[in-house]
Structure formats: structure tokens, C-alpha cells
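Single-structure report; data block below.
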Amino acid sequence: MKKKIILALALVQAMSLSAQTTGIIVDENKEPLVSATVSLYRVGNDKPLAGVFTDIDGKFELNTQKGQDYVVKITFLGYTGQTIECRNVPGKFELGTISMEPESHTLNGVTVTANNSVRKADRQIVVPSQLQRKTSSNGVALLQHLQLSRVSVNTLDNTVTTTTGDAVELRINGVKAEVQEVKALQPSDIQKVEYHDNPGLRYGNVSAVIDIILKEKTAGGNVSGELMNTINPLGIGDYQLSSNYHAGKSSVKASVNWNRRDVNWYRENTESFNATSPAIENQEIGQKTKGKYDNVNLSVGYDYTNGGNQLSVTFRDLYNKTPNSVSDRNSLLEQEGTTYTVTDRTRTNSNSPSLDVYYQREFAKDKHLYLDLTGTYINSGSHRLLSQADGTDAQKITSDVDGDKYSAIAEAIYEQNIKDSRLSFGLRHQQTCTRNQYTGTYTSDVKMNTSESYAFGEWFSKLGRFNYTVGLGVMRTYLRQANAKQEKYIIRPTVQIGYRFGDHVNLRYKANIGGYAPSLSDLSDVEQQIDIYQIRRGNPNLHTVTFYTNELSLSVDTKYISAEWFTRYSYDDKPFMEETTYDNGMYIRTYDNQKGFHRLNSQISLRVRPYKEYVSIQVTPFVNRYISMGNSYTHTHTNWGVRGNMMAMYKNWYIGANVETSFHNLWGETLTRDEASHSVVVGYNKERWGVELQLSNIFSPRYEMSTENLSSLAPYKQMVWSKNLCRVFGVDFHFNLDFGKHRSSAEQRIKNSDTDAGIMSGAK
């Protein structure tokens with residue numbers, strides 16, 4: 001009993017002597033320094049008692065003892081370290097805001113500072129280094145230089161995807177953005193990049209989210225532009241002009257991007273039609289065919305910010321003109337000793353203006369409400385002419401489509417932080433009205449009303465080194481077409497757990513149930529003739545699909561080496577996949593809810609930085625396994641491959657190289673094999689201008705990709721190849737005219753868009 005009393009008294013005394021020492025670390029621009037190292041020492045002792053990293057807000061907390069003397073040392077790569085002596089520490093000791101100054105390590109005239117990355121429970125935060133900003137011409141180039149795990153960036157095509165082929169959702173200050181808007185960003189304006197490689201219910205079904213957080217601006221503005229054109233061939237170009245201006249609580253911004261392609265390629269096709277006896281065998285020998293399109297993206301916005309309240313109004317317009325579709329072909333068809341001339345032409349155009357109104361309100365600290373309303377109108381048109389001639393007679397198929405679509409999207413999200421936890425819930429609704437008029441060989445007038453509603457709640461919390469997320473979402477889809485109606489509910493639970501082993505090793509597991517609805521074109525009760533043998537038909541009886549996903553990742557991050565093993569297994573229950581039938585002398589290609597689809601993706605990403613940030617090498621071997629189970633077929637496929645990229649930077653110079661083997665994808669009965677590619681970029685950047693040389697597929701005799709249909713009834717294999725898309729040499733020139741000081745920029749957290757026109761194509 002006496003021992004228990006003594007222990008109790010000792011415990012009370014220890015508690016009375018316990019103390020907390022806190023502070024905030026910021027950089028020279030008063031922005032939080034994420035993951036700065038804060039170490040605690042006894043006065044006169046060089047052995048550290050404890051060490052912590054600053055969080056996303058630059059804050060840190062140390063456990064100290066009341067009345068003791070300590071030394072706090074703060075270090076951050078690229079900044080001068082600070083040492084603070086704390087004598088006779090009180091019960092709660094606040095060091096306040098501590099400013100760090102950049103350190104200039106001069107190496108042959110080069111100023112060296114390094115990027116910093118910290119793995120949070122729900123995301124990775126990357127602070128680009130001075131050298132990475134300096135050698136990047138725009139926001140997309142900066143993402144490429146960061147070499148984020150499981151992210152592939154193509155600056156020639158301006159695409160950002162996951163290494164498994166899924167789209168990456170891009171955001172700017174929480175706002176969903178197009179790649180052209182990211183390209184308009186100046187690297188010097190980017191404070192940090194938040195990478196969500198396991199996004200929660202808040203983001204829907206996306207595989208990854210990259211949120212770019214900008215620095216604050218106080219006044220003035222910016223005008224920037226980029227001009228990229230290939231020399232061999234001349235038909236590839238990308239041109240952009242952007243500007244912004246800030247005055248008081250208001251700011252305006254505008255950007256326009258023109259992307260064009262004018263190249264030649266060849267399409268070859270081998271197909272069999274086995275429903276007849278004897279079977280029909282077609283062999284198409286490709287002839288030179290033009291592919292040409294022009295895309296123009298326009299964005300004009302106004303922002304008003306008053307404290308925690310914000311109003312943002314943005315007008316966007318996407319115009320597309322495609323006089324020569326990528327599906328066009330000229331070929332010679334060999335069939336049973338007869339040669340036919342095949343000409344397939346599709347001309348399309350579309351215009352999709354939209355208005356996005358966003359409002360954000362801060363009720364109190366760590367309590368936010370986000371509202372977003374988006375209205376979109378899409379007008380689209382298509383004209384197709386297919387001709388198959390034997391010299392005397394010609395069989396022709398025509399198809400003209402005129403489509404109008406109106407949609408409205410409304411979304412509300414509430415978020416609240418509670419100590420080490422976060423509560424969020426929201427509601428989203430989309431209402432759509434579509435009318436497509438089909439004329440030509442087949443005529444039809446399709447009117448369709450659809451809606452999709454989604455509600456979710458999610459809870460995130462941390463317990464020491466352990467963190468978890470639990471959430472529940474409910475989705476409702478509704479379709480009305482003529483007299484047919486369809487309604488479906490999907491429950492979407494999700495669970496994610498993670499554990500941090502020390503300061504460098506993280507283990508995470510995620511399981512969720514999701515769902516997706518058929519596209520408008522798949523649901524339309526319309527037919528489009530593909531050729532004289534085949535018809536593509538919609539299916540208004542398609543049902544919403546439920547899928548199950550499991551993800552496991554193990555990552556290791558050290559000063560010189562980063563590695564991650566990632567595996568994802570998913571199962572789609574009764575997915576709408578293709579089905580081929582034979583009816584009344586024609587082969588019908590349509591979609592139906594099939595049995596199931598299994599998908600396994602696994603990869604190991606290894607990144608080595610042997611010379612600090614001057615050289616970075618990343619190698620990622622991968623394997624994909626697919627099992628497609630239809631109502632009348634089963635197909636399997638395994639794809640092994642590797643990706644590799646290198647980035648070297650010195651002063652204002654940089655050089656990058658990328659190599660990728662072919663990535664395969666099986667869905668239903670269709671197996672696609674993307675091109676194997678390699679590229680080299682060499683660039684030079686100054687503060688206000690820069691130039692970059694781009695070399696793509698310089699060691700390949702030709703660019704090629706293939707599509708293979710595995711149907712037993714009507715299999716085919718298509719090959720597309722081009723000499724215009726290999727040994728590509730391009731020049732990129734950019735300029736940046738910045739004026740004024742920095743002030744608070746917009747921080748819109750949600751933004752919606754609609755791009756699905758709902759038109760069915762009969763193109764082969």
C-alpha cells in the first residue's frame with residue numbers, strides 16, 4: 001500500500017512538472033514550412049531528447065519539463081538553421097512564430113535548396129525546391145519535375161494520369177481544374193502540392209487527386225504565354241496566353257489555349273465474320289490518312305474575397321473542330337480475291353459553354369461550408385460517310401447527328417476539424433436533359449432525362465502512429481427515355497487504415513465499394529451502322545454497376561532513396577461490357593450487363609537521388625492481370641512492363657528522359673495495346689523567359705498501337721501506325737511578365753463540370 005501511495009505521489013508530481021513547448025515555423029514569405037525538423041536538447045548536452053516535424057500549418061509541439069533548461073534546434077534543407085535557448089521553462093511555453101531564412105550553398109555558382117516532402121495520414125505534401133521552380137516553365141512541367149509516385153506526366157500531350165492508366169483529378173486551391181489551367185500557373189506562385197493517392201468519398205470515384213496550393217498575392221498581376229510547335233512534323237502545336245490582375249478584395253483572370261493536330265497515319269484491319277458458312281475474311285491494307293483537329297479552351301473568372309468568405313464566378317467555353325477524325329481511314333480491302341477501296345470520313349464539331357458560381361463561408365475556425373452551382377450547354381454535330389467500292393459499284397453509309405444537352409450540377413460540402421480528426425459530409429445533384437437527332441442511313445430522335453444524386457459522410461482521425469478513415473456514401477441514378485424509366489441506389493462504404501513505422505516507413509490499406517452509371521450514348525435506344533456487316537446499338541436496359549476495390553501500399557522515404565510497393569485488386573459486379581450477336585444478316589455490337597470483371601495492378605516504384613536534387617532517377621516495373629467474364633465468354637490477359645524517367649537540373653538548365661513499355665488494357669472482349677514510347681527534353685529557363693527542345697520516339701522507326709477484339713463470332717485486330725509521330729522534334733518558347741506584390745488568392749474547394757455530349761458514334 002505504501003508503495004502505491006509513493007507511486008501515486010510521484011505520478012502527480014511528474015504531471016505537475018510536465019510542460020509543452022510550441023511554436024510555428026514559417027519561411028521568408030511568412031508561409032508555413034511543412035516538415036521542418038525540430039529537435040530538443042538539454043543545455044550543455046549534444047544528445048537529442050526528442051525530435052518532431054512541423055505539420056501542414058508549420059506548427060510543432062514538444063513535451064518538456066517545467067523549470068528545466070532546454071535548447072531547441074530547427075533545421076530545414078535549404079534554410080539557415082536556428083538555435084533557441086529556453087531557460088526555466090514554464091508550464092506552457094510558446095515560442096511564437098519563427099522565421100527561417102534561405103541558405104545559399106554556393107557550388108560553382110549554383111544556389112542549392114532542396115524540395116521537401118512529408119507523408120501525412122491522408123495525403124503527401126510536397127514543397128517544390130527553388131531549383132525545381134527555376135527549371136519549370138509552367139505548372140504541368142513542375143509536376144513532371146516532382147516525379148510523384150504513381151503519376152505519369154506528358155508535357156507534349158499535356159496529360160496527367162496514374163501509371164495504371166486512370167485519370168488524375170487536378171485542382172488549384174481545392175478547385176477542380178483543367179490541365180490548361182494548371183499549365184497557366186507560374187511555378188514561382190506555387191506554395192506546395194498536395195497529392196492524394198488514396199482520395200476519400202469527398203472526391204467520388206477518382207483514383208488520385210493533385211491539389212496545387214498557390215502563394216498569396218497582395219497586388220498587381222501577371223501576363224504569361226507559351227508557344228509550342230513541332231518542326232518534324234509541323235502539324236502539332238500548343239499555344240496559350242494567360243493573365244490575371246488583383247485589386248483590393250477583387251481579382252480577375254483569363255486564359256485561352258489552342259491545341260492542334262494535323263498528321264498522317266495508317267489504319268490496318270484484319271477481321272473475321274464467322275456466323276456464315278463459309279466465314280468471311282477481310283484484310284484491309286492501310287493507305288495514308290489525315291488526322292486533324294483544333295481545340296480551343298477559354299476561361300474568364302472573377303473572384304471576391306472578404307476574410308473567410310469568398311465568391312467566385314467563372315465562365316468557360318470549350319470549342320472543338322475535327323475535320324478529320326482519328327477513326328478515319330483509307331484502305332484497300334481484300335475479300336475472297338476481290339479488292340475494294342474503303343474510305344471512312346467523320347467530321348465533328350462541338351461547343352460547350354458553362355458558368356460556374358462558387359461560394360465559400362467560414363463560420364468559425366476549422367468550420368467551412370462550400371457551395372457550387374454549374375450550368376452547362378453542349379451543342380455537338382457529327383457527319384460520317386463510309387464508302388466501299390469495287391471500281392464500278394459503291395456501297396455508302398451516311399450518318400448525321402445533331403445533339404443538344406443541358407445540365408445543372410449543385411453541390412454543398414461541410415467540413416470541420418476537431419483536434420486530430422476531421423468530419424466532412426456533403427450532397428451533390430446533377431440534372432440532365434438531352435436531345436440527339438440522327439439522320440442518314442438510320443434515323444432516330446432520342447430524348448433523355450437523367451439525374452444522379454450523391455450524399456456522403458466521412459470521419460478521419462489519428463491515434464499516435466495509427467490513422468483511420470470511415471465513410472458512407474449513397475448514390476441514386478434515374479433515367480427516363482420515352483416510356484421507359486430506371487432507378488437505382490448504390491451504397492458506397494469505405495474504410496482506410498494506416499500505420500507509420502518510425503519516420504520513414506508507411507503502411508496503408510483501403511477498401512471501398514463504389515458504383516458507376518452507363519454513359520448517355522450507351523443508354524440511347526438508337527442504331528448506327530459501322531459498315532456493311534455491322535451495327536452498333538445502344539441498350540436502354542443497362543443497369544448501374546457496383547464495384548469493390550482493395551488497395552495496399554508500403555512506402556519508404558529516405559534522404560537519397562524512395563520506394564513504394566502498390567497493389568490494387570478490384571472487382572466489377574455485372575459491368576456493362578460489349579456483346580456481339582448475329583441478327584437478320586448483320587452483326588450487332590452492343591453492351592449488356594455481363595457476369596463480372598477482375599483487375600489486379602501491382603507495381604514497385606524506386607526513386608534514387610544520388611546527387612541531392614541535381615539528379616533524380618525513377619524506375620517502376622509493373623504487372624497488370626485481367627479476367628473478363630461475360631455471359632457467353634471469358635478472357636484473361638497479363639501485361640508485364642516497366643517505366644523509367646530521369647531528371648537532371650543545373651543552374652538554369654535541365655534535361656529529362658522518359659521510357660515506357662507498352663501498357664495493355666482488357667475490357668469486355670477488347671484488348672488495347674498502347675504505344676511503347678521514349679522522349680528527351682532539354683530546357684533553359686530565365687526569370688522572364690525560357691526555351692525547351694522536345695524529342696519524342698527518336699529511336700523508333702514508327703509509332704504504333706493496336707486494338708484486338710476477342711469475340712468468337714466476329715473477331716478483329718486493328719493496327720494504327722504513323723511515321724509522323726516518331727522522331728518528333730518540337731520547340732517550346734514561353735514568357736512571363738509579372739508585376740506587383742503578392743496578395744490572397746482564391747481558394748475554391750469544389751468545382752464541377754459536364755463534358756459528356758451523349759452521342760453514339762458508328763465509327764470503326
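The values are calculated or read from the model by the stated rules, or taken from the named source; none is laboratory data. Since the structure is predicted, the reported quantities are computational estimates derived from the model, not experimental observations. Counting neighbours? That spans all protein chains shown, and the Cβs are built from the backbone with ideal geometry, glycine included.
Residue pairs whose Cβ atoms lie under 6 Å apart, separated by 6 or more positions or on different chains, with the first residue in the range 456-469 and assigned by TED's automatic domain parsing to the domain that holds S421 and under 17 Å from N198 (Cβ atoms) and the second of a type in the set (A, V, I, L, M) and modelled with pLDDT of 90 or more, are W459/L423; W459/V470; Y468/I497. For the range 601-651, a residue qualifies if it is basic (K, R) and part of a strand (DSSP E or B), and the qualifying residues are R607, R625, R643. Pairs linking a residue in the range 44-68 that is not assigned by TED's automatic domain parsing to the domain that holds K120 and outside any strand (DSSP E or B) to a residue that is modelled with pLDDT of 80 or more and hydroxyl-bearing (S, T, Y), with Cβ atoms under 8 Å and 6 or more positions apart or on different chains, are K47/Y41. For the range 638-660, a residue qualifies if it is touching a Phe, Trp or Tyr at 6+ places or on another chain (Cβ under 8 Å), in contact (Cβ under 8 Å) with a residue 60 or more places away in the chain and not aromatic (F, W, Y), and the qualifying residues are R643, M647, M649, N652. Residues in the range 161-194 that are among the acidic types (D, E) and either surrounded by 22 or more Cβ atoms within 10 Å (Cβ to Cβ) or farther than 25 Å from R643 by Cα (or both): E178, E181, D189.
Scan the range 378-411 for residues that are buried (at least 19 other Cβ atoms within 10 Å of the Cβ), of a type in the set (A, V, I, L, M) and within 13 Å of R347 (Cβ to Cβ) and the total you get is 2.
When the residues of the range 50-95 are narrowed to those that are of a type in the set (D, E, K, R) and within 41 Å of the chain's Cα centre (by Cα), which ends up surrounded by the most Cβ atoms within 10 Å (Cβ to Cβ)?
D55
Going residue by residue through the range 489-506, is there one that turns out to be under 30 Å from A275 (Cβ atoms) and buried (at least 19 other Cβ atoms within 10 Å of the Cβ)? No, the conditions are met nowhere in the range 489-506. Check whether at least one residue in the range 408-422 is touching a residue at least 60 places away in the same chain (Cβ under 8 Å), in a strand (DSSP E or B) and under 22 Å from P323 (Cα atoms), and report yes or no. Looking for residues that are touching a residue at least 60 places away in the same chain (Cβ under 8 Å), in a strand (DSSP E or B) and under 22 Å from P323 (Cα atoms), one finds none in the range 408-422, hence no. Of the residues examined, A484 is one that is under 26 Å from F547 (Cβ atoms) and modelled with pLDDT under 85. Here the range 524-555 is the region considered, the condition is being in contact with a Ser or Thr (Cβ under 8 Å, 6 or more places away or on another chain) and aliphatic (A, V, I, L, M), and the residue that is modelled with the highest pLDDT is L552.
To keep it simple, each residue is scored yes or no on (1) outside the structural domain of R119 (by TED's automatic domain parsing); (2) part of a strand (DSSP E or B); (3) more than 30 Å from R345 (Cβ to Cβ); (4) of a type in the set (F, W, Y).
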position: L479; (1), (2), (3), (4): yes, yes, yes, no
position: K488; (1), (2), (3), (4): yes, yes, yes, no
position: P493; (1), (2), (3), (4): yes, yes, yes, no
position: D522; (1), (2), (3), (4): yes, no, no, no
position: R536; (1), (2), (3), (4): yes, yes, no, no
position: S555; (1), (2), (3), (4): yes, yes, yes, no
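Filter the range 699-729 down to the residues that are of a type in the set (S, T, N, Q), in a loop (DSSP other than H, G, I, E, B) and closer than 27 Å to H635 by Cα and list them by number. Correct list: S711, S712.
Looking for whichever is at pLDDT below 95, under 20 Å from T164 (Cα atoms), of a type outside the set (F, W, Y) and assigned by TED's automatic domain parsing to the domain that holds V720 here; the options are H678, H637. Which one fits?
Result: H678 is the single residue among H678, H637 that is at pLDDT below 95, under 20 Å from T164 (Cα atoms), of a type outside the set (F, W, Y) and assigned by TED's automatic domain parsing to the domain that holds V720.
Of the strands (runs of 3 or more DSSP E) lying entirely inside the range 170-283, those carrying at least 1 residues that are within 26 Å of S605 (Cβ to Cβ) are 175-177, 190-196, 208-214.
Which of the residues that make up the range 607-622 are closer than 19 Å to S555 by Cβ and out of contact with any helix residue (DSSP H, G or I) (no Cβ under 9 Å at 6 or more places or on another chain)? Those that are closer than 19 Å to S555 by Cβ and out of contact with any helix residue (DSSP H, G or I) (no Cβ under 9 Å at 6 or more places or on another chain): R607, V608, R609, I617, Q618, V619, T620, P621, F622. Of all the criteria given as (1) buried (at least 16 other Cβ atoms within 10 Å of the Cβ); (2) of a type outside the set (V, I, T); (3) in contact with a Phe, Trp or Tyr (Cβ under 9 Å, 6 or more places away or on another chain); (4) closer than 18 Å to V175 by Cβ, the one not satisfied by N282 is (4).
If you go through the range 225-243 and keep only what is of a type in the set (A, V, I, L, M) and touching a strand residue (DSSP E or B) at 6+ places or on another chain (Cβ under 7 Å), you end up with L227, M228, I231, I236, L241.
In the range 569-592, the count of residues that are of a type outside the set (F, W, Y), part of a strand (DSSP E or B), farther than 30 Å from T276 by Cα and in contact (Cβ under 8 Å) with a residue 60 or more places away in the chain is zero. Here the range 356-380 is the region considered, the condition is being touching a Ser or Thr at 6+ places or on another chain (Cβ under 7 Å) and in contact (Cβ under 8 Å) with a residue 40 or more places away in the chain, and the residue that is farthest from L427 (Cα to Cα) is S380. For the range 495-520, the set of residues classified as assigned to a strand (DSSP E or B) and either under 24 Å from Q430 (Cα atoms) or out of contact with any Ser or Thr (no Cβ under 9 Å at 6 or more places or on another chain) (or both) consists of Y499, R500, F501, N512, I513, G514, G515, Y516, listed by residue number. Selection of the range 661-674 for residues being free of Cβ contacts under 8 Å to residues at least 40 places away in the same chain and crowded, with 19+ Cβ neighbours inside 10 Å yields only L671. Within the range 629-657, the residues that satisfy the criterion of being among the aromatic types (F, W, Y) and surrounded by fewer than 16 Cβ atoms within 10 Å (Cβ to Cβ) are W640, Y650, W653. Filtering the range 108-133 down to residues that are among the hydrophobic types (A, V, I, L, M, F, W, C) and not in a strand (DSSP E or B), which residue is modelled with the lowest pLDDT? By that ranking, first place goes to A114.
Applying the criterion of being hydroxyl-bearing (S, T, Y) and outside any strand (DSSP E or B) to the residues of the range 430-475, the residue that is surrounded by the fewest Cβ atoms within 10 Å (Cβ to Cβ) is T443.
Given S277, S250, which one is over 26 Å from Q180 (Cα atoms) and surrounded by fewer than 16 Cβ atoms within 10 Å (Cβ to Cβ)? Let's see the steps before the verdict.
Values: S250 fails: over 26 Å from Q180 (Cα atoms).
S277 is the lone residue from the list that is over 26 Å from Q180 (Cα atoms) and surrounded by fewer than 16 Cβ atoms within 10 Å (Cβ to Cβ).
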